[in-house]
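The values are calculated or read from the model by the stated rules, or taken from the named source; none is laboratory data. Given the structure is predicted, the values throughout are model-derived calculations rather than measurements. Every residue, glycine among them, receives a Cβ derived from its backbone with ideal geometry; neighbour counts consider all protein chains shown. Side chains included, ligands, DNA and RNA excluded: accessible areas come from the protein's heavy atoms. Shrake-Rupley method; radii C 1.70, N 1.55, O 1.52, S 1.80 Å.
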Amino acid sequence: MNRRSFLKATSAAGLASALPSAALGHAWQEPALPSGAAPAQKKSPAPDSPERILLKDYRPKSIYKIPVTEVAKARFPIIDMHSHPYAKTPEEIAQWVRTMDEVGIEKTVILTMTTGAEFDEIHRKYSKYPERFELWCGFDFAGYDKPGFGPAALRELERCKQAGARGVGEIHDKGKGLRSGKSNAPGMHPDDPRADQLFEKIAELAMPISLHVADPIWMYQKMDKTNDGLMNAYEWRLDNQPNIVGLSGMVEILERTAQRHPKTTFVACHFANLDYDLARLGELFDRNPNLYADISARYAETAPIPRFASQFYAKHADRLVYGTDMGFDKPMYQVTFRILETLDEHFYESDQFGYHWSLNGFGLSDSILQQVYHDNAAKLLAARG
Ligand SMILES: [Zn+2]
């Protein structure tokens, strides 16, 4: 079943959850029939009936007359710790730099996930702006399942460092094993003894690592009318993947990996996908001084809980780093500033995010913003010497 037909099949449930029942005119749910009884013939709703609105097409507009804050530029200079080589041509890269100037991004970390000639090519493209971009390389997992794995991967790591790589990332493990762009290691998780040499080597080379474990909780849950992040979850679903390590198991692997390599600095991507359980991420921070988390691509996922989220920012302001992971358009940056800086309530950003819910700002204090926007990243990057 493709995405469209799935959404069609679930549209009734989706609509019911998105609209108050009064708007439907009647409850959608048919009363339960005695078994064996045939359902009564139903008239199909008119083409413009609310009953035909699909959840994926739902675009509500806020009705509230409340303050709307436009944040054109971030309040403090920013280091973006999670981006990718989105800009392909010299013109696009120049445009990106202009946008960074306009919105207040001092530096962007480009997670290339590549090694070899591919890394060198991306590095060459971005080398015109050494103060504005830094490039991180990937791992080469070739031969990871054969005896003798290691020396070649370590040599390539050293070569990438020589060629300009300042860190490693984004390395993924969504439950099936490690992946660095096109290089895969199915079944080898970050806490696997075979991976030890890589994590030790990057500490020796003073290269921090951006490590993405798991995915949001909704993607593991049943794709039904109770799934809070259904549309996004369905696009990236994991509930149909057999034999994968689940979210909780991956968080345990992340912690074991951080503990196995105390000299290595880990930046867990996207709040380690604990945006739904920030208290657990806080416990991870408390136990693991070498662990940071970036806040990239989880703005829409934390904006529904502004009070709890801002308390979390206050408590762990020394471990969170700003990131985007969402292209390089100006409005994208500005939405992140609005969520972090303002106390705006109940606003929609349907162009940026694929959820049906509204967003709220955290109103973070200046000192927290400075840490998250800049100072934590600056400290982490400066520690490389
Ligand atoms: Zn990313």
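Only one residue in 79, 66, 122, 105 is surrounded by fewer than 13 Cβ atoms within 10 Å (Cβ to Cβ) and of a type in the set (Val, Ile, Thr), so which one is that? None of the others qualify; the one that does is 66.
If you check 165, 214, 272, 233 for being under 24 Å from residue 80 (Cα atoms) and more than 16 Å from the ligand (Cβ to nearest atom), only one passes: 165. Of the residues contained in the stretch 278-293, none is found to be of a type in the set (Asp, Glu) and in contact (Cβ under 8 Å) with a residue 12 or more places away in the chain. The number of residues in the stretch 126-142 being part of a loop (DSSP other than H, G, I, E, B) and open to solvent by less than 30 Å² (accessible area, probe 1.4 Å) comes to 3. Of all residues in the stretch 295-346, those being among the β-branched types (Val, Ile, Thr), within 16 Å of the ligand (Cβ to nearest atom) and assigned to a helix (DSSP H, G or I) number 1. For the stretch 328-385, the set of residues classified as open to solvent by less than 40 Å² (accessible area, probe 1.4 Å), among the charged types (D, E, K, R) and in contact with a strand residue (DSSP E or B) (Cβ under 9 Å, 6 or more places away or on another chain) consists of 338, 344, listed by residue number. Taking the stretch 226-294 and the helices (runs of 4 or more DSSP H) fully enclosed by it, the elements with 3 or more residues that are small (Gly, Ala, Ser) are at 247-260. Residues in the stretch 183-210 that are away from the ligand (no atom under 16 Å from the Cβ) and either part of a helix (DSSP H, G or I) or β-branched (Val, Ile, Thr) (or both): 193, 194, 195, 196, 197, 198, 199, 200, 201, 202, 203, 204.
The set of residues from the stretch 96-125 being in a helix (DSSP H, G or I) and under 23 Å from the mean Cα position of the chain (by Cα) comprises 96, 97, 99, 100, 103, 119, 122.
Against the numbered list (1) β-branched (Val, Ile, Thr); (2) open to solvent by 80 Å² or more (accessible area, probe 1.4 Å); (3) not in a loop (DSSP other than H, G, I, E, B), residue 93 comes up short only at (2). When residue 302 is tested against the conditions (1) in contact with a strand residue (DSSP E or B) (Cβ under 6 Å, 6 or more places away or on another chain); (2) open to solvent by less than 30 Å² (accessible area, probe 1.4 Å), the lone failure is (1). For the condition more than 23 Å from residue 271 (Cβ to Cβ) and either touching a helix residue (DSSP H, G or I) at 6+ places or on another chain (Cβ under 8 Å) or modelled with pLDDT of 95 or more (or both), residue 145 qualifies. Scanning the stretch 211-225 for residues that are open to solvent by 30 Å² or more (accessible area, probe 1.4 Å) and assigned to a helix (DSSP H, G or I) yields 217, 220.
Any residue that is under 19 Å from residue 374 (Cα atoms), in contact with a helix residue (DSSP H, G or I) (Cβ under 9 Å, 6 or more places away or on another chain) and open to solvent by less than 50 Å² (accessible area, probe 1.4 Å) - is there at least one of those in the stretch 41-55? No; the residues of the stretch 41-55 include none that is under 19 Å from residue 374 (Cα atoms), in contact with a helix residue (DSSP H, G or I) (Cβ under 9 Å, 6 or more places away or on another chain) and open to solvent by less than 50 Å² (accessible area, probe 1.4 Å).
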